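Below is one structure, written out as structure tokens; the observations come after it.
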Amino acid sequence: MRIAFSEPAWNNPVVRIIEPDHSLVVPRIVNDWTLPTLAAGMVAALVKKKQRVPDFLRLLERESVGARDGVETAIFGMT
């Protein structure tokens, strides 16, 4: 059995965003498979490849990072 990318069979799952020749577009994502990390990886890959990042993906990244980091919104009324 061939093990792709020289990952040990016992290793935890990793996420790779790769080219058709299997070279990495961005560093592999390991030990953090949360939405903010995965969305950031997808955005970084598109930016690196000079591709348009869909608005929904940028929004998903920003909102998920904000939720993870505890960012809240406060609105103050002024007269």
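Bear in mind these aren't lab numbers, they're just calculated from the coordinates by the rules spelled out. Since the structure is predicted, the reported quantities are computational estimates derived from the model, not experimental observations. A quick note on method: Cβ atoms are made from the backbone with ideal geometry, for glycine too, and the neighbour counts reach across all protein chains shown.
Within region 16-36, does at least one residue satisfy the condition of being more than 15 Å from the chain's Cα centre (by Cα), assigned to a loop (DSSP other than H, G, I, E, B) and either of a type in the set (Asp, Glu) or surrounded by 11 or more Cβ atoms within 10 Å (Cβ to Cβ) (or both)? Yes: one or more hits. With respect to the conditions (1) on the phi < 0 side of the Ramachandran plot; (2) free of Cβ contacts under 8 Å to residues at least 12 places away in the same chain, Gly70 lacks only one, and its number is (1).
For region 41-79, a residue qualifies if it is loosely packed, with under 14 Cβ neighbours inside 10 Å and among the β-branched types (Val, Ile, Thr), and the qualifying residues are Val47, Val71, Thr73, Ile75, Thr79. Looking at (1) closer than 30 Å to Trp10 by Cα; (2) free of Cβ contacts under 8 Å to residues at least 12 places away in the same chain, which one does Met42 not meet, given that it meets all the others? Failing condition for Met42: (2).
Kindly list, by first and then second residue, each pair from a residue in region 11-23 that is under 22 Å from Ala40 (Cβ atoms) and in contact (Cβ under 8 Å) with a residue 24 or more places away in the chain to a residue that is polar (S, T, N, Q) and surrounded by 10 or more Cβ atoms within 10 Å (Cβ to Cβ), limited to pairs with Cβ atoms under 8 Å and residues at least 6 apart or on different chains. Partner pairs satisfying both residue conditions: none exist.
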